[in-house]
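What follows is one structure encoded as structure tokens, with my remarks underneath.
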Amino acid sequence: MATMSHNPVLRRGGFDETRAEAEGATMTLGGTVLKTFLLLGIAAAGMVYVWAGMPGIGMSETVVYPLLTGSFVFGVAVLIGTAMRPEIASVTGPLYAAVQGLVLGVVTLMFEARYPGLPLQAALLTVATLIVMLIAFRTGVIRATERFTTTVISCTAAVFVFYIIAFVLSFFGVRIPFLHEGGIIGIGFSLFVVGLAALNLILDFDTIEQGIGKAPAELEWFAAFGLVVTLIWLYFEILRLLGKLRR
């Protein structure tokens, strides 16, 4: 029986038992976890490089702002490309982690300068959310049913498109107030997106569970990539929410 990934990043029929049997080696939990930590390690290295002042490049506005803009475009391209061709995740995954690590470093420094201690709180909340959602998944409190999956994917796609529209409008000097500012609407929106990102973890866990022993071993990179994308997104959204609450 073929299985389909539920994560929006991983939506392709790559987790195919028939293909896995034909190729021999299958996906394992240990292999997926290892690759997830490798990608997170690459992202962490990027953050350390930024915290060191990006030696050889510097931290001027002419470097930072193009980096933030370019990383968004690059991230969208990588997400779409990897979703269409899961087999390239072993290449796109590390590239994505490296670029996002630089962005994580820059954004973290910005928030730390304005709200000391806030990035650490966001990081701890991200880890706590990961643990809580994993427990909820393993105990069956939250299940990736068809209705649940369809709802989460639809909402995630809507937010994804919304962010792209907001990004394009920013080039014309148009800012969407509640996206970056506080207030009831702004905080409510951030709470919704944080919750949505957390629910995407359930889809990631379900994807990995479906693939173990069935999907080709090469898709361990694909599954790890999806989980890392969700974790980075969750961290950014928690950081944004905490920043709004501090204003």
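Observations on the model:
- In this label model, ILE131 and PHE162 are separated by 3.0 nm, measuring between points 7 Å along each Cα→Cβ vector.
- With contacts taken as Cα pairs under 8 Å at a separation of at least 6 residues, the chain carries a relative contact order of 39 percent.
- Cα lying deepest toward the dipole's positive end in the chain, options THR139, LEU227, MET54, charges on Cβ: MET54
- Spread over its residues, the convex hull of the C-alpha atoms of the stretch 128-247 is 121 Å³ per residue.
- Every Cα-Cα pair in the stretch 54-123 was counted, and those over 20 Å apart are 42% of them.
- The chain: most fluctuating residue of GLY186, GLY70, GLY211 per GNM, C-alpha cutoff 10 Å: GLY70
- For the stretch 8-246, the Cβ-based charge dipole about the Cα centre amounts to some 560 debye (Lys, Arg positive; Asp, Glu negative; other atoms uncharged).
- Contour excess over end-to-end distance, with Cα ends at ALA25 and VAL63 and 0.36 nm allotted per residue: 9.3 nm
- Residues whose amide H comes within less than 5 Å of that of THR26, counting only those at least five positions distant or on another chain, are ALA217 (H built at 1.01 Å from N in the peptide plane).
- Note on the stretch 128-235: with charges restricted to the Cβ of Lys and Arg (+1) and Asp and Glu (-1), its dipole about the Cα centre is near 220 debye.
- The slack between LEU38 and VAL76, meaning 0.36 nm per residue of separation minus the straight C-alpha distance, is 11.5 nm.
- Environment charge of LYS35, counting only residues whose C-beta is closer than 11 Å and scoring Lys/Arg +1, Asp/Glu -1: -2
- Among VAL78, GLY93, ALA166 - extreme Cα towards positive end, dipole of the chain, charges at beta-carbon: ALA166
- Residue-span extension gain [ILE176 to LEU124] - 0.36 nm each, minus C-alpha spacing: 15.9 nm
- Geometric extent, Cα atoms of the chain - Rg, Dmax (angstrom): 18.2, 57
- If you take all other residues with their beta carbon under 14 Å from the beta carbon of LEU234, and give Lys and Arg +1 and Asp and Glu -1, the sum is -1.
- The chain: most fluctuating residue of VAL152, VAL127, VAL106 per GNM, C-alpha cutoff 10 Å: VAL127
- GNM flexibility winner over the chain from LEU124, LEU196, LEU79 (Cα, springs under 10 Å): LEU124
Every number in this text was worked out from the coordinates using simple rules, so none of it is lab data. Please read these numbers as outputs of a predicted model, since none were measured by experiment. Positions of Cβ are generated from backbone atoms using ideal geometry, with glycine treated the same way; all protein chains shown enter the neighbour counts.
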